[in-house]
Each structure stands twice: as C-alpha cells, then as structure tokens.
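Accompanying notes for the structure given below.
Rule-based calculations on the coordinates, nothing more; no lab input. Owing to the predicted nature of the structure, the values given are computational and were not obtained by experimental measurement. Positions of Cβ are generated from backbone atoms using ideal geometry, with glycine treated the same way; all protein chains shown enter the neighbour counts.
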Amino acid sequence: MLKHNLGYPRIGVRRELKKACESYWSNKIDSNQLFDVGKQIRKENWKIQEKSGLDLIPCNDFSFYDHVLDMSLLLGVIPKSYHSAVSSTTMMIDDHNIDIYFAMARGFQKRGWDIKAMEMTKWFNTNYHYIVPEFDKNQKFGIFSKKIFDEFEEAKIVLKSIPKPVLIGPVSYLFLGKEKENSFQKMDLIENIVPIYIQIINLLKDQGANWIQLDEPILVFDLSRKEIESFQYAYQEISKCCSEMNILLTSYFDGISENISLFRNLPIKALHIDLVEDPEQLESILNFLDNNTKKMILSLGIIDGRNIWKNNYVNSIKKIEIAMKVLGEKRVMIAPSCSLIHVPIDIEYEHSIHSDVKKRMSFAKQKIYELKDLEDVIKGNKNLLSKNLNSLEKTKNSFLFYNQKVKERVTQIKNKDFQRKSSFKIRQKKQQKKFHLPIFPTTTIGSFPQTKEIRSLRNKFKKKELRKEEYEKKIEKFIVDVIRKQEEINLDVLVHGEFERNDMVEFFSEKLKGFLSTDNGWVQSYGSRCVKPPVIYGDVLRYKDMTTKSICFAQSKTPKLMKGMLTGPVTILQWSFVRDDQPISTTAYQIALAIRDEVKSLENSGIQIIQIDEPAIREGLPLKKKNWKFYFDWAIKAFRISSSVVKDETQIHTHMCYSEFNDILSHIADLDADVLTIETSRSKMELLKAFSEFSYPNEIGPGVYDIHSPRIPTVKEIFDLIQKASNRFPIRNIWINPDCGLKTRKWDEVMKSLKNMTRAAKMAREKLLNNNPTPSTNSS
Ligand code: GLN
Ligand code: ZN
C-alpha cells in the first residue's frame, strides 16, 4: 500500500515565498536570490515528506505564483502581447522567463510597455485563484520552460526515492482556459497539446521518473460529449506513447462516479479519488474497477486536504479495508484528498490555541504523518487507533462552546426575518429621495492602501506594545486622512478605509465567540497573497459592537454619505475552517444572526448605507449542479437574514469578485441587495452581457478597472466601459467603482486611478445622459 501526496504548501512556513516575490517585484533582490528562496522551500518540503515515510513525494508542485500559470509557461501558452514584451527587452526564455511569467500574472508597465495582467479566477470551489490560460485559434504548444525538469533533478538530489512530477492533465488544462476568439472551441486543441504532454513525460522518463501525476479535477463535472472524447483520446495516446511511465490520474473536490466508465480499457496505472468530499463513491468505483480492470490501482483520498481537523482513523481504516478486500493490498494507495496547498503548514507553530482544540487539529505536515499512522494501523499497531479515538472523543465535550440561546435563535428564524419590508422599486424611490446622489454615483469597495505604517501600528497593538486608546486615536487619524483624500478625489459615497482590519474575515472572527485565530495558519490565495482562515469550533455569538464605533466616527467627519462595511455570513463561513459536527447551514445562520445585529446597530446609529461583502458566494457553490439548489437555499437565506433587518430607506450594498457569475445571476438577484458592486474588468465586462440578458433588477456597480494590477487605467478606457454598461442597464441603476478593495495597492496608484475614475464618471454624466433616456424609476 503506497502512501503518496498530491502537493505540499509552497509558501514556506514563514511565508518566505511571499516576502521573496514582493522583494523581487520591488527590485530589492535579484532573480538569483528569488530562486534561492524557492530552492530552500522545496528542499525543506521534500525533507519533511521524506521523513514522514511517504513512498511517493511530489515535485513540480512548487510555484512562484500559480501552478496553472506554470503550465502555460511550460507549454508556451503566452499571449502575443507578452511575446512582444519578451522580444523587445532583454528577457529571454529560461533563466529570465520569470519576468514574462510575472508580467502575465501582474501586468507589465515598464520601459514603454503597458500590458494588463491576465484574467484570474477561482480554482474550483476553493479560495485559491489561478491565472486563466488564453488560447487562440492556431494555438501552438511547445516546451518553453525547464522548470519541471530542473525541479525533478533537484528533487532527485534531495530525496532518496524517485520523485513524482505533478502536472495538470491536458483536458483539465484546456478546460480551465478560454478561447480568445469565438471561431473555435478550446477542446479542438487537444490533438495539438497531447503530443507535447507525451514529449514532456518521455523527457521525464529519460531523467529517471517512473511515476507521473496528472491532475484531471474536471472529472468531477458533468462533461460534454466533446470533453469526454478529448479525455479518451488524450489518455489513450498518452498511455500508448508513454507505456513505461506509471501514470497516476487524480480527481478531487467531488466524486467521479458519473464519469468512471471513461476508465474502461484505459491502461493508466492508478486513479485517485476524493473520499472526503464524496465518500459514497467508493462502492461504485470499486465495483467498476473489480469488473473492468484487473490492474488499475486505486488511490484513496482519505485525509481531508481542505480542512484542519484530525483524521478519524476508524473511518479511514474502514475504507482502506473495504478497498483492500476488493482489490488486494497492492492495488491500494492512500493519500490526502487533494493537494495540501489549501491547508496551513504546521500546527506546531501554533502557541495560543487551547490544547483541547489543538489536539483535534492537523495541518499539512501532520496530515502526511497521519498516512503513516494509517499504514501502521493496517500493519497491526492498534494502539494508534485508540490514541486517535481518545484525542477526538475525549476533547469533544470539553472545548465545544455551546450557547443555548444562539442554538434556539436559529430554530426560531421566521420567513419575515429574511424579507425586506418593501420591494426594490419602492426602496429605490425612497433611497433616491433621501440621498440625492448624482447619476453614475461613484464609490469604492471599502479598503484603502494598507501601508507599512498601518500594518506596524496594528502589529504593535496586537503585541500589546500600544494601549487601546492610543491605537484607536491613531486609526482615527488614518480615517480622517482617507476621508480627506476621498473628498479630494470627489467620490460620492465614502468609506472609512478598513485600516483596523487585517483581513475581512479574520477581523470579524476575532470579535465573535465560537471562532479562534491561528498565529501562523497561512494559506495561499493568489500569487503572494496569503490568508489566515479562522477556525469555527463552537456556537457563534456577537456579544459586543464590531464596527459601529469606527463607522460612526468616520461619518461624523464628513457631510458625504459614509458606507458601513461588513463581511457577509457566507463569506465568513467559506473563508474559515468550519466545524464538522453540525450542518453547515446551522453554522451559516448563526453567523448571519450575528451580522444582522451589527447591521441593526449601524442603522440605529444613523448609518444609511451598509455594504455586506459576499465575494465568496460563488466559490461555495457545489461543483455538481444537482447540489446547487440545496446550497443556494441556505446561502441566500443567510445573506438575507443579515440584510433584511433594515428600513426601506437604508441602502444595502453587496460586493462580489473573482468568479464567473454568469450562471448564477438569478440567485445573485435573489439576495435582493439594493446595490451590487461586482468584478468585471479582468474579464473585460463580458459579465455585463450575461447580466443584461438576465436583466438584473437592482442597482449595479460593474467594476470599471482592475485593482489586482498596479496599472493605472486611463479616463478614456473607464469611460468606454461606462458607456458599455449604459447600453446594458438603465442609467439610473449604474454605479461607478473599482472592481475590488484597494488594500493591496500603493497610494499614488490609487489616487491617480480613482481620479481618472471620477473624471470618467463626470464625462459620462455630461455625455451619456442626453443620449440615453433616463428610465422611469427616476421620474418621481
Ligand atoms: N470590503 C473589502 C475590501 O475592500 C472587500 C474585499 C473583497 O472583496 N475581497 O477590501
Ligand atoms: Zn472584491
């Protein structure tokens, strides 16, 4: 029974990768220093995994930014504009390709060049983001990067065993990308791409590899005819042309029972399935393998790669034994359910978690050791079984924070609790009458640049080097400053800047009961951006004010409207590690009630506009359509429990980003927020098309520029986007705003960009108003 791992976190225990990348971007270190940091992280990761006794250790799971972008670089899927930059500067393939790579990820505004970053979107239903590959009709594929081969050599030196290179499989890679033109379908490219995969695999074979992992997570979807054919073609070819290589094909994030027949007569060596997300599939998969293949190995993904709770050995052993009974010991492998990049690295770096909770937790490193334990149990060490049971059972009652009142309040939720008092049309009239906002009102999404000064201020306070009063006074100074700047920019609806918040979820979790924060539980979100998800371990209770004091302070400093800023229940839930001992909807409603109380408190204190951010609503969506209804049912209810407590005159905003929303627009509308600000600029407002086809009923602020890149948008391009939007929505319903919060940007970028934005809005008011009759909603 081989033990293996699909991927190990690459950010470094101390977020070394983040620091190195950011230093490189700001020219503080050179590429060699950057590469050294990468090398160091890889070495450490390999050593840890080797020490735990893993049989197959992954390589090429490391990435400086994103493993999908690595794949694009490897295959030479580099859009033309970057090609031009490549040829006109000293940047060259290989040693220096890191600059092209980062240009694709972050945009390139240097030496006369002005190229935008490539589109980024969420990796399945996780909070990891990948750079979307772009294909043109005559897309050529080749081998454009040595990374995978170099990393294999490097791993060979560090490890005693032969490393297992990891690649995204060809069908998933094409599936995750997008066509730049309408004249072809990306799956048409399968015949061009497969030969390159074969070349890569054979080169690795020449270097001594005997196992290769090809990730095909799209197997969890309902596939089209064309995708199925592409899959069959790809793997027939690969297994025919790479017959000496052991191919391990992995799927994860859901079950693949519906697609298992694709493996009939497919001579791949091993198949990995996710038994955490879909334990039920084991039976049908075993059945299939038993009847249809006599050799294929089944890799059981039994350790949860997406949550931080310790594995329940009894449950896992049951699964292993069932599989062994059908297939025999040699045809079973065990592994985490998916790559471990979705969990923090090492629980031993946590010093402030109550020991009862900590005993139940397990991070990446611990999860690898759990595999060893499971193997030992199978070999007869039953002690480990009772030890595991003990740490799970014994602590169960001691740490769980029960709150009877919270539990009861959830059971007493009534229909009227998630219903605004009047319909949107009526609310809109009342709000317009009260606010007197201009047409095309301008606003931002909430956060403003988090400078070093602000971060060190928060750190000092956290370390208790600063008294609360002192800290708050200093934060207030930042608030006043950001208000003056917004007035200078001439924005219509202001925000307080979120300077007191390290992270939009962590901030609230620290103020609510039932949550704990880790010291060092970082997880990569995109590129160098990491998040530290809180852990929900008990009933959620709001027992004190969370935002009202600072929002009211901000409002007192300006005659303009100040928008209160909250994170929504679905996002708080989605970006936390969630307890696994009650239905997720119950946890969602508990959080929703806490936010509802905060909304009410803001309104009672005179705040008239409140934004409840739900950027994570899309990523929580189950991958299989058949499970959507159930999800939307509780998710929408949770949002509306938070938002529906206000008067008609109070305007509720919500914000969403980073996802494809086209297929869930009607559900977004069901949230019934008065204003939706939404990311569109990275996908060049394609989303708008879908929105007007659906005819979105409420007010909307399609993001007019991409804040994820340092590039400054011109007035003209923003104006053009506003014009595009005006063709799609009633003018009275359109807001002008960036596509996300500005916390990661620098102040001079923000000032320039926002000034261009308000200039474009002014221009739109002058030029577009007359061409386009104002819809009837404004006639009163
Ligand atoms: N209000 C948050 C901010 O501006 C929203 C962040 C997000 O959408 N991810 O930072
Ligand atoms: Zn956002």
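Here are the numbers for this structure:
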quantity	calculated
Of all DSSP beta bridges in the chain, antiparallel share, percent nearest 5	20
Three semi-axes of the equivalent ellipsoid, the chain, Cα gyration tensor, whole Å, largest first	43, 32, 26
Rounded to the nearest 20 debye, dipole of the range 621-740 from Cβ charges on Lys, Arg, Asp, Glu	320
Local electrostatic count at LEU665 - Lys and Arg +1, Asp and Glu -1, tallied over other residues with Cβ under 12 Å	-2
Mean Cβ neighbour count within 10 Å, used as a protection proxy, ranking 537-544, 1-8 highest first	1-8, 537-544
Angle in degrees between helix 452-462 and the longest Cα principal axis of the chain, rounded to the nearest 10	80
Estimated distance in nm for a label pair at GLU749 and LYS240, the labels positioned 7 Å out from Cα along Cα-to-Cβ	4.9
Relative packing of 660-671, 490-501, which averages over residues the other C-beta atoms within 10 Å, highest first	490-501, 660-671
Cα-centred dipole magnitude for the chain, charges only on beta-carbon of K, R (+1) and D, E (-1), debye, nearest 20	2120
Per-residue HN-Hα couplings for the range 107-118 [Karplus 6.51, -1.76, 1.60; θ = phi - 60°; Hz; x = Gly/Pro]	x, 9, 10, 8, 6, x, 8, 9, 10, 7, 5, 6
Residues with amide H under 5 Å from that of THR250, placed H, sequence gap 5 or more	LEU214, ASP215, GLU216, HIS272
15 Å beta-carbon shell around ASP503, net charge (K/R +1, D/E -1)	+4
Positive-pole candidate from SER423, HIS129, GLY142, dipole of the chain, charges at beta carbon	SER423
Under-5 Å amide H pairs with GLY701, H placed in peptide plane, nonlocal only	LEU676, THR677, ILE678, TRP735
The range 133-284, dipole about Cα centre (Lys/Arg Cβ +1, Asp/Glu Cβ -1), debye to the nearest 20	640
Ranked by how many other beta carbons lie within 10 Å on average, peptides 350-358, 735-743 from highest	735-743, 350-358
Virtual spin-label span in nm between ASP188 and LYS626, 7 Å along Cα→Cβ	3.3
J(HN,Hα) series, the range 587-603, from Karplus relation 6.51 cos²θ - 1.76 cosθ + 1.60, nearest Hz, glycine and proline x	4, 4, 5, 4, 5, 4, 5, 5, 5, 4, 5, 5, 4, 4, 5, 5, 4
Derived scalar couplings ³J(HN,Hα) [the range 181-194; Karplus, 6.51 cos²θ - 1.76 cosθ + 1.60; whole Hz; x for Gly, Pro]	10, 7, 7, 8, 10, 4, 5, 4, 7, 4, 6, 7, 8, 4
Structure-based [θ]222 nm, the chain - -39500 (n - 2.57) summed over DSSP H runs of at least 4, per residue, nearest 500	-13500 deg cm²/dmol
Local electrostatic count at LYS752 - Lys and Arg +1, Asp and Glu -1, tallied over other residues with Cβ under 15 Å	+1
For ASN403, residues with placed amide H under 5 Å, excluding near neighbours	ASP539
Förster-model FRET efficiency, 56 Å R0, PHE35 and GLU487, C-beta, rounded to 0.05	0.75
